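Below is one structure, written out as structure tokens, with a few remarks after it.
The values are calculated or read from the model by the stated rules, or taken from the named source; none is laboratory data. Everything numeric here is computed off the predicted structure, so don't read it as measured data. Cβ placement follows ideal geometry from the backbone for every residue including glycine, while neighbour counts extend to all protein chains displayed.
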Amino acid sequence: MSKNTLKKEIHKEIKNINTLIDMRIIKGLSYKDLSRRHKFLISQLNSLALKQTMKVRVPIKTQSNGPIGGFIEILGRYASTFIF
């Protein structure tokens, strides 16, 4: 299974679990088991995203504002991938 297919399947499963959690909240039932599954799937997505970003090599460019500016730019790229 490709990574893109895996991501799509995980997103589908998370959507289904969210629906089930909502229904259990409305009914006043416990959703502890579903929350564990949700947390696991989110960690799997984060793991896939981390592996993907680690494979991407970002070339370091010297800019007019020196090497510190280049470092800040690269740091910004990595930070934006973890925000969503």
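General observations
- Out of Ser43, Ser30, one residue alone is polar (S, T, N, Q), surrounded by fewer than 12 Cβ atoms within 10 Å (Cβ to Cβ), at pLDDT 75 or above and not in a helix (DSSP H, G or I). It is Ser30.
- Cβ-Cβ distances below 8 Å connect no pair with a first residue in region 16-30 that is in contact (Cβ under 8 Å) with a residue 40 or more places away in the chain, a second residue that is among the acidic types (Asp, Glu) and surrounded by 11 or more Cβ atoms within 10 Å (Cβ to Cβ), and a separation of six or more residues or different chains.
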